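Q: Encoded as structure tokens, here's the structure I'll be asking about.
The values are calculated or read from the model by the stated rules, or taken from the named source; none is laboratory data. Just so you know, these numbers come straight off a predicted model, no measurement behind them. Every residue, glycine as well, gets a Cβ built from its backbone with ideal geometry; the counts of neighbours run over all protein chains shown. Calculation scope for accessible area: heavy atoms of the full protein, side chains included, ligands and nucleic acids excluded. Shrake-Rupley method; radii C 1.70, N 1.55, O 1.52, S 1.80 Å.
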Amino acid sequence: QVQVVESGGGLVQPGGSLRLSCTASGSIFNIYTMGWYRQAPGKQRELAARILSGGGTNYLDSVKGRFTISRDNAKNTVYLQMNSLKSEDTAIYYCKASYSGYGYWGQGTQVTVSS
């Protein structure tokens with residue numbers, strides 16, 4: 001069983017920045033695909049950003065140029081740097097670790113963008 005824990009959410013004004021962190025247990029973190037998903041009230045969960053074991057990344061169109069996903073395999077941690085935040089970025093952000101057809105979710109962290 002892989003344990004996934006997110007941190008770093010909070011309240012920020014429009015135009016501000018936040019950095020989310022996610023740690024995943026296990027000695028093979030380096031081969032996990034790590035993803036940040038988000039779910040706004042009344043909406044389906046969507047993939048915001050993903051980073052593959054080799055470092056390749058994918059982003060939701062609406063966050064391209066504003067969000068950056070990165071990983072530190074030595075710390076079993078993936079980060080999501082979010083800049084130029086907008087009210088529509090308000091959501092619960094979930095981290096997911098995937099490998100060999102299995103997916104492990106964290107409990108989520110709330111991000112609220114409001115003045």
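Q: Could you list which residues have their amide H under 5 Å from that of G108, counting only those 5 or more apart in sequence or on another chain, with H placed in the peptide plane?
A: Here E6, C95 satisfy the definition.
Q: Same structure again: Nearest 20 debye, what's the magnitude of the dipole of the range 15-115 about its Cα centre given +1 on Lys and Arg Cβ and -1 on Asp and Glu Cβ?
A: Values: 11 positive and 5 negative charges, 4 e Å.
Using only the charged Cβ atoms, the result is roughly 20 debye.
Q: Provide the net charge surrounding A91, with neighbours chosen by a C-beta distance below 15 Å and charges set as Lys +1, Arg +1, Asp -1, Glu -1. Please list the in-between numbers first.
A: Values: positive: R38, K43, R45, R66, K86, K96; negative: E6, E46, E88, D89.
That sum, taken over residues with Cβ under 15 Å, equals +2.
Q: In addition: Quick one: pull the percent of accessible area on the chain belonging to carbon and sulfur, 1.4 Å probe, ligands and nucleic acids left out.
A: Numbers: 2740 of 5980 Å².
C and S atoms contribute 46 percent here.
Q: Over the chain, average the accessible area per residue using a 1.4 Å probe and give it in Å², no decimals.
A: Values: 5980 Å² over 115 residues.
Ligands and nucleic acids excluded, the figure is 52 Å² per residue.
Q: Can you tell me which of S21, S70, S84 moves the most in a GNM of the chain? Springs connect C-alpha atoms under 10 Å apart.
A: Residue with maximal mean-square fluctuation among S21, S70, S84: S84.
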